[in-house]
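This report concerns only the one structure given below.
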Amino acid sequence: MESQRVVVVVEDAAAARAALQWAVGNFIRGGDSITLLHVCPPARSRRKRRRLRLGGFQLALAFKDLCNGIAEAKVEIVVTEGELGETVVATVNQLGATTLVVGLHDKSFLYRAPSPYTRVRSLGCRVLAVRQHATARDGFLNADLTQIETISLHVPPPKIPFPMFTLPLGVIWRRSKRRK
């Protein structure tokens with residue numbers, strides 16, 4: 001089997017950590033290349049930008065500790081700045097990733113698109129979205145996996161509404177002259 005290039009979105013959410021734990025336990029093999037991607041929101045001040053990048057890098061280092069159980073896996077960290085959804089799509093396409101692993105939570109970037117599939121369609125890889133359950137039994141992670149195959153994903157084109165021909169109001173409300 002050939003090695004995969006897996007990009008994991010690093011967020012300060014329990015679902016993101018659960019997604020990486022699930023991927024390490026069930027999907028990622030030795031010899032795969034793992035990229036931990038953290039996207040900082042844009043900031044005007046230089047100090048705030050530096051603080052956000054440093055916090056993102058520390059968060060990614062904490063996620064890297066979860067990848068230590070994989071033998072011969074190459075782990076790299078990418079911390080960048082921008083709008084989360086657009087930056088993730090651009091980075092995944094730039095890196096040529098085969099898989100994107102995302103933790104699903106209420107404020108996930110997959111939900112913030114005008115249409116649920118607009119961002120997913122622009123990705124050239126499969127997307128593994130993992131949602132964490134609130135309960136864990138006996139120390140085992142209880143999670144649901146949603147795999148979105150972008151190749152077989154068919155989104156119908158938007159429907160064109162029935163064309164309406166506008167008429168001047170005078171034509172609609174015109175009365176015929178009364179005959180006496």
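Things worth noting here:
- Rg over Rh, two decimals, region 1-102 (C-alpha only, Kirkwood Rh): 0.98
- Ranked from largest to smallest solvent-accessible area, with a 1.4 Å probe on the protein heavy atoms, R44, R51, R5, R29 come out as R44, R51, R29, R5.
- Using the Cβ-Cβ distance between R53 and R29 with R0 = 45 Å, the FRET efficiency computed as 1/(1 + (r/R0)^6) comes to roughly 0.90.
- Virtual spin-label span in nm between T80 and D65, 7 Å along Cα→Cβ: 2.7 nm
The values are calculated or read from the model by the stated rules, or taken from the named source; none is laboratory data. Computed from a predicted model, the values in this text were never measured in an experiment. A quick note on method: Cβ atoms are made from the backbone with ideal geometry, for glycine too, and the neighbour counts reach across all protein chains shown. Protein only, heavy atoms only, side chains kept; ligands, DNA and RNA dropped before computing areas. Shrake-Rupley method; radii C 1.70, N 1.55, O 1.52, S 1.80 Å.
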